[in-house]
Ligand code: F6P
């Protein structure tokens, strides 16, 4: 089984403002984050070429369909790597709270803030999703990742990565809803000869 790499998109305009969801573009800093990811991808590509693992089993980049993830993968794709865009990798949908800051949510929907803090995993945003919904929507992509006969670099979002890392790290999704998922960080999932996965964390230079 090939390793799987998980990265968060680069810094977005909304990250600067502490704003939820939407479809913002990257900041200049975020574009630099994307270039740093490209350096890692380049070294993975060089390893692949050295091992003769090209052609049908060539490495791929999997992103969501949101601009910040697509833009983050773009420089890496210039290394001749195919990009697949999955709607199931889109960030958790915050329903009526999409495009609001956390502070605006608290002011406009105090009950949402309260109920969410009481049970973040099962709380479903009105007209949106809960983490539980998100984890279910990730199932098909998880199956594809497990069966991928190639190295895959997944570029996704905070809540999505919490769900994926919980699964591949064999921890409960319920316990991961507050785990830090910083930018400029890559989680590498490798398998031993018994098929047991280990996750280690790489910081982008
Ligand atoms: O703040 C960035 C973001 O990706 C939002 O788009 C999303 O709603 C949020 O993180 C998910 O994190 P949390 O569940 O901790 O609010």
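Brief remarks on what is shown
- Candidates 113, 117, filtered to the one that is surrounded by fewer than 14 Cβ atoms within 10 Å (Cβ to Cβ), more than 10 Å from the ligand (Cβ to nearest atom) and not in a loop (DSSP other than H, G, I, E, B): 117
- For the range 70-110, a residue qualifies if it is within 16 Å of the ligand (Cβ to nearest atom), surrounded by 14 or more Cβ atoms within 10 Å (Cβ to Cβ), part of a helix (DSSP H, G or I) and under 22 Å from the mean Cα position of the chain (by Cα), and the qualifying residues are 70, 71, 72, 88, 89, 95, 97.
- Residues that are outside any helix (DSSP H, G or I), surrounded by 19 or more Cβ atoms within 10 Å (Cβ to Cβ) and more than 11 Å from the ligand (Cβ to nearest atom), drawn from the range 153-182: 153, 154, 155
- Checking each residue in the range 1-35 for being in contact with a helix residue (DSSP H, G or I) (Cβ under 7 Å, 6 or more places away or on another chain) and either surrounded by fewer than 16 Cβ atoms within 10 Å (Cβ to Cβ) or assigned to a loop (DSSP other than H, G, I, E, B) (or both) picks out 9, 10, 11, 18, 20, 22, 23, 24, 25, 27, 35.
- For residue 150, the criteria (1) within 22 Å of residue 21 (Cβ to Cβ); (2) assigned to a loop (DSSP other than H, G, I, E, B); (3) at pLDDT 95 or above hold in every case but one, which is (1).
- The residue that is nearest to the ligand (Cβ to nearest atom), among those in the range 183-194 that are surrounded by 13 or more Cβ atoms within 10 Å (Cβ to Cβ) and in a loop (DSSP other than H, G, I, E, B), is 183.
The values are calculated or read from the model by the stated rules, or taken from the named source; none is laboratory data. Keep in mind that this is a model prediction, so the values were computed, not measured. Note that each Cβ is placed from the backbone with ideal geometry, even for glycine, and that neighbours are counted across all protein chains shown.
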